[in-house]
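Enquirer: What follows is a single structure, and I will ask about it in a moment.
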Amino acid sequence: MGPVELRNWIAVTLGTAAEQINVGPRSVGVLQQILAATCEPNNEVIFARRSFEAYPIFVTLTGAVPLSPYEGHDLAAVRDAFTERTRVGIVCSPNNPTGATDDNESLSTSIASVPSYILVVIDEDYVEYVDEVDHVNGITLFRSYPNVCLLRKFSKAHGLAALRVGYAVAHPNLANALRKVALPAGCAWTRIRHAAQSSG
Ligand SMILES: *Cc1c(COP(=O)(O)O)cnc(C)c1O
């Protein structure tokens, strides 16, 4: 059911193992898998407000609790908001809709200071548009921390929103969990490939 060819291509492009790539039905679909795999009712998910409009919808659906609103990513405030019920922190950088970016060193320091059972999801939807050299480098942080996962997609910079393909870059435990909660045959890419093959 996995789009193996696409997964392998992404892995080669990013320089990761193929097992670290989870392709899904858009990145919001992959985020839903991440929250399903990590959260139970009464757990908390921390994100900036305002940030991507799907986060509060998902968090309510998964029974986790959004914390108090603030503008942009005040990383110290995010860190202080973590409690023992927190399972996930989402950092959208550059942030949608404010466009605010975060620097790699500050985020790295913040990640180092949170407990390792908290998953830090870095949503890199607009990373292709950034040219600040000190901007968050998701792949570097992923390689440095076992509790970091990246969310990427083809919808924006590649102009392929209708294809509905996104993916997570995840370490083995999470990658396995994501496969378990994946929507069966949910990836449009797989269906397109099958359709292309069966029609020759
Ligand atoms: C558009 C957007 C998404 C959703 O991307 P899809 O691949 O279309 O699901 C996720 N995160 C951010 C920050 C976005 O702007």
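Enquirer: Please specify each residue of the stretch 12-53 satisfying the condition of being assigned to a helix (DSSP H, G or I), closer than 12 Å to A168 by Cβ and of a type in the set (G, A, S).
Expert: Result: S27, G29, A37.
Enquirer: Let me ask something additional. Hey, could you check the stretch 56-85 for residues that are touching an Asp or Glu at 6+ places or on another chain (Cβ under 6 Å) and closer than 22 Å to S27 by Cα and say which is modelled with the highest pLDDT?
Expert: Within the stretch 56-85, the match that is modelled with the highest pLDDT is H73.
Enquirer: Among (1) part of a loop (DSSP other than H, G, I, E, B); (2) modelled with pLDDT of 85 or more; (3) more than 11 Å from the ligand (Cβ to nearest atom); (4) touching a helix residue (DSSP H, G or I) at 6+ places or on another chain (Cβ under 8 Å), there is one condition S116 misses while meeting the rest; what is its number?
Expert: Only one criterion is unmet by S116, namely (4).
Enquirer: Hey, another quick one. Of V148, V136, V91, V130, which residue is within 16 Å of the ligand (Cβ to nearest atom), touching a helix residue (DSSP H, G or I) at 6+ places or on another chain (Cβ under 6 Å) and either of a type in the set (A, V, I, L, M, F, W, C) or free of Cβ contacts under 8 Å to residues at least 12 places away in the same chain (or both)?
Expert: On the way: V148 fails: within 16 Å of the ligand (Cβ to nearest atom); V91 fails: touching a helix residue (DSSP H, G or I) at 6+ places or on another chain (Cβ under 6 Å); V130 fails: touching a helix residue (DSSP H, G or I) at 6+ places or on another chain (Cβ under 6 Å).
Only one candidate qualifies: V136.
The values are calculated or read from the model by the stated rules, or taken from the named source; none is laboratory data. Quick caveat, the model's predicted, so the values are computed rather than measured. Cβ atoms come from the backbone with ideal geometry, glycine included; neighbour counts cover every protein chain shown.
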